[in-house]
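The values are calculated or read from the model by the stated rules, or taken from the named source; none is laboratory data. For clarity, every value in this text was computed on a predicted model and none was experimentally measured. Glycine also receives a Cβ, built like all others from the backbone with ideal geometry; neighbour counts cover every protein chain displayed.
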Amino acid sequence: MPHPVSRRGVLAGGLATLAVPAPPSSAGPAGETLGALATAKGLTLGASFAVHETDGPHGERYAALYAREVRSLTSELELKLSVLRPDPDTIAFAPADRLFAFAERQRLAVRGHTLVWNDDVPEWFKALSRREAGYMMDAHIETVLGRYQGRAAAWDVVNEPIAPWDNQPGNLRAGPFLTAYGEDYIARAFRLARTLEPRAKLVLNEAFTETDDARGATFRASLLALLRRLADRGAPIDAVGLQCHLSSRHRYDLPRFTAFVEEIATLGYDIHLTELDCDDGAFPRDIARRDAAVARLYADFLGAVLSIRAVTSLTFWQLADTTSWLYYRDLAERPRAADRPRPLPFDGTFARKPAWTAIADAIRAMPPR
Ligand code: G3I
């Protein structure tokens, strides 16, 4: 199967020694970064990072942007089951090793993404028996946490447990882990993770809770119900991750969403915003107007959500438009298009956009943690 992380780059293994050049002139005063502004308020600010991007022509500038702008990295691909275990006989640790080495060299925290996800399962894994899949879930958690013990500040232990379209009890996502252990796969994964990671924040991460529509309402209700069942069972969950892939195609009722976030907080969990970006596909094509609309959505959304002190961590899904999954998806779907998505605070030259200013203003305005 095609491997998302370049083999050549892995073998070269050069990232640990990659020189990180001075920030581009658009960076502004040295202390003025989203990471520094957030740290001053007690909020951890990060972005997803894909180690293979450092092998590209923009590799050094990409590394420099992260080293300067954020305090935490989420592994976008490197720790996923499909990447770590492309076949039954391989454990491909090299890309994740490179990511940890980079983070440690730059003194950035790591959010490990993700240990158990019913939607990211290699083909060979899908052919396992129920018993084998259960055994493999436990072994995978033990192997990965054993290798990186004490080196990640947080782990997305279970990703996207809800999928109403799978028509399972509790609106749970179908897949080998649910088949192996029933709903208990979730509490089991957290209990096992806790034995190996007594200090890291253990996170249950979920998508699609933000929108003001039937899907959003179903996800919010199903997630709250699941969290209550897990709390009753004493599952050692520290934080709930809300992905927050915002979109120009959806409506948001921010008072309703913040009430939902407050409800999670009253259950005793911290909240991590884990995958923030903005799909701009339905905003005006004119770039100045489009960037302004993206910035406005970030301002409105973060103005509301960061007012909640239980929100302790904010992660963007990549930092620059041209390394976003939305950019790569668009490139694959519309190879000849001239206008590409602009979902993030930095553009393709890694210069700040209006979204950067909107995000910085929202962080400056929020109450300290
Ligand atoms: O690098 C290869 C390239 O060599 C190959 O030609 C191409 C052909 O498909 O694939 C490239 O790899 C892709 C990789 O992204 C890098 O772009 C994989 O196919 C593709 O599956 C992978 O998608 C990732 C997706 O999760 C699945 O793992 C996205 O980058 C990543 O942003 C996305 O992240 C998810 C979160 O984990 C969970 N929440 C939703 C979020 C967005 O979908």
Next on the checklist: Tally up the residues in the stretch 279-306 that are part of a loop (DSSP other than H, G, I, E, B) and touching a helix residue (DSSP H, G or I) at 6+ places or on another chain (Cβ under 7 Å), please.
Outcome noted: 4
Checklist entry - Could you count how many residues in the stretch 166-183 are outside any loop (DSSP other than H, G, I, E, B) and either in contact (Cβ under 8 Å) with a residue 24 or more places away in the chain or buried (at least 16 other Cβ atoms within 10 Å of the Cβ) (or both)? => result 9
Checklist entry - Among (1) within 21 Å of the chain's Cα centre (by Cα); (2) basic (Lys, Arg); (3) surrounded by fewer than 20 Cβ atoms within 10 Å (Cβ to Cβ); (4) more than 16 Å from the ligand (Cβ to nearest atom), which single condition is Arg131 missing? => result (1)
Checklist entry - Taking only pairs six or more apart or across chains, which ones have beta-carbon atoms under 6 Å, a first residue in the stretch 230-257 that is closer than 12 Å to Gly216 by Cβ and among the hydroxyl-bearing types (Ser, Thr, Tyr), and a second residue that is part of a loop (DSSP other than H, G, I, E, B) and away from the ligand (no atom under 16 Å from the Cβ)? => result Tyr252/Asp212
Next on the checklist: I need a count of the residues in the stretch 220-249 that are more than 15 Å from the ligand (Cβ to nearest atom) and either at pLDDT below 95 or not in a strand (DSSP E or B) (or both).
Outcome noted: 20
Item to check | Hits in the stretch 330-341 (condition: touching a residue at least 12 places away in the same chain (Cβ under 8 Å) and surrounded by fewer than 22 Cβ atoms within 10 Å (Cβ to Cβ)) | outcome: Asp339, Arg340
Item to check | Residues being among the hydrophobic types (A, V, I, L, M, F, W, C) and either over 22 Å from the mean Cα position of the chain (by Cα) or under 17 Å from Arg130 (Cβ atoms) (or both) - total across the stretch 162-191 | outcome: 8
Next on the checklist: If I filter the stretch 32-50 for residues that are within 16 Å of the ligand (Cβ to nearest atom) and either farther than 21 Å from Glu104 by Cα or modelled with pLDDT under 95 (or both), do I get at least one hit?
Outcome noted: no
Checklist entry - So, of the residues in the stretch 311-343 that are under 18 Å from Arg68 (Cβ atoms) and touching a strand residue (DSSP E or B) at 6+ places or on another chain (Cβ under 6 Å), which turns out to be farthest from the ligand (Cβ to nearest atom)? => result Leu314
Checklist entry - Does the stretch 211-218 contain any residue that is in contact with a Gly (Cβ under 6 Å, 6 or more places away or on another chain) and under 30 Å from Arg342 (Cβ atoms)? => result no
Checklist entry - Which ones in the stretch 245-294 are surrounded by 13 or more Cβ atoms within 10 Å (Cβ to Cβ), of a type in the set (Gly, Ala, Ser) and either over 18 Å from the mean Cα position of the chain (by Cα) or closer than 22 Å to Lys201 by Cα (or both)? => result Ser248, Ala265, Gly281, Ala292, Ala293
Item to check | Within the stretch 134-167, considering residues that are of a type in the set (Phe, Trp, Tyr) and in contact with a strand residue (DSSP E or B) (Cβ under 9 Å, 6 or more places away or on another chain), the one farthest from the ligand (Cβ to nearest atom) | outcome: Tyr148
Checklist entry - Given Ala288, Ala282, Ala304, which one is closer than 21 Å to Thr258 by Cβ and either at pLDDT 95 or above or within 16 Å of the ligand (Cβ to nearest atom) (or both)? => result Ala304
Checklist entry - Which number in (1) on the phi > 0 side of the Ramachandran plot; (2) of a type in the set (S, T, N, Q); (3) under 21 Å from the mean Cα position of the chain (by Cα) marks the one condition that Asn159 misses? => result (1)
